[in-house]
C-alpha cells in the first residue's frame, strides 16, 4: 500500500500550501486541514549524474518538478521513464516523494 | 566615510512557485533605484552574491544591468572585458562561501572600494557602489533578496 504526499489547505481561505507553513501566505491564518496529493503534471526533469558524498555517487538520479493537481509544486524523485507533460502518481517514501508515470486510474489518496 | 544611500529587501516573494531564474530583486529594484536617485549605469563598483556564477547574471538582470535575452552579449562585452567592475575582491568564487559571514563579503568589498582602500584592485574614483545578496534556500530555490546602494561622502 502506498501513501500519497499531503498538502495543507488553509481553513479560512482554502489556499493550498506545500511545504507546510506557520501562517497562510494569503490570509495569515494558522489553521489547516490536510489533503492527499496523489498526482500531478510533470513539469521539469533533471538528471543528477554525480552526488558528492553518496555511497553510489555515480549512480544517476532523476529529479523532477511536479505541479500537483491541487496547485503547489513538489520536488520529486522519478522512479521510471517519464517526460514533461506526463501525468505522474506521487508516493511519500522515507527518502522523499517519488513519482512515476500514471498507468492506471489514480487512487483517491489514502 | 561611506553612507547608505538606499537599501531594500524582500522575502519569499514568489512562494517558491517561480522558475528560480529570477529573484525578488526584480520586484524591488525600481523602488531601490528610485530611493537612491541613481540608475544602474551610475554605479562605479558592484558586489553581487556569487554562490553560483549563474546567480550573478540572474541578479544583474533583475537589477536592470542586462536586457531581456542579452545575457551572452553582456558577458562578452562587459564582464569578459572587465568594463564593469564587479566582485573586485574575487568574490566568494575565490574566497569560499563563509557560512553566515558570506553575506557580508560583498558589502565589505564595496566599502573598501569607496574608502579608496582596495589596494591594487582599487577602482579609480569609486564613489557609488552596490552590494546585492540572494539566499535562504527554503524549498525549490532561495527566498531572500537584498541590495544596498552605498556612496562615499
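Along its principal axes, segment A:1-83 has C-alpha extents of 47, 26, 25 angstrom, given from the largest down.
Choose one answer from B:74, B:11, B:137: the residue with the largest mean-square fluctuation in a GNM of chain B with alpha-carbon springs under 10 Å. In the Gaussian network model the winner is B:137.
Under Stokes-Einstein, with the Kirkwood radius over Cα pairs standing in for Rh, what whole-number D in µm²/s applies to segment B:29-153 at 37 °C and 0.692 mPa s? Don't skip to the end; give the middle numbers.
Values: Rh = 14.9 Å.
The calculation lands on 221 µm²/s.
Considering only beta bridges that DSSP places wholly inside chain B, some 80 percent are antiparallel.
Across segment B:75-128, Cα-Cα pairs farther apart than 14 Å form 56% of the total. In terms of other Cβ atoms within 10 Å, B:1, A:74, B:104, B:55 run from fewest to most in the order B:1, B:104, B:55, A:74.
With R₀ set to 30 Å, the beta-carbon distance separating residue B:71 from residue A:79 gives a calculated FRET efficiency near 0.30.
For A:65-75, what's the mean count of beta carbons from other chains sitting within 10 Å of each residue's beta carbon? Walk me through the numbers on the way to the answer.
Details: counts 3, 0, 1, 0, 0, 0, 1, 4, 6, 2, 3.
Across A:65-75, the average partner-chain Cβ count within 10 Å equals 2.
Taken along the Cα-to-beta-carbon direction at a fixed 7 Å, the label points for residue B:137 and residue B:11 span 2.0 nm.
One Cα centroid belongs to segment B:44-67, the other to segment A:13-48; the line between them spans 30 Å.
Rg then Dmax, both in Å and based on the Cα atoms of the protein assembly as shown: 22.2, 69.
Shape analysis of segment B:19-87 yields a ratio of the Cα radius of gyration to the Kirkwood radius, Rg/Rh, of 0.94.
Rounded to the nearest 500, the helix-only mean residue ellipticity at 222 nm of the protein assembly as shown stands at -4500 deg cm²/dmol, with each DSSP H run of n ≥ 4 adding -39,500 (n - 2.57).
FYI, it's all coordinate maths here, none of it is from the lab. Predicted model, so just to flag it, every value in this text is computed and none were measured. Here Cβ is always computed from backbone atoms with ideal geometry, including for glycine, and neighbour counts include all displayed protein chains.
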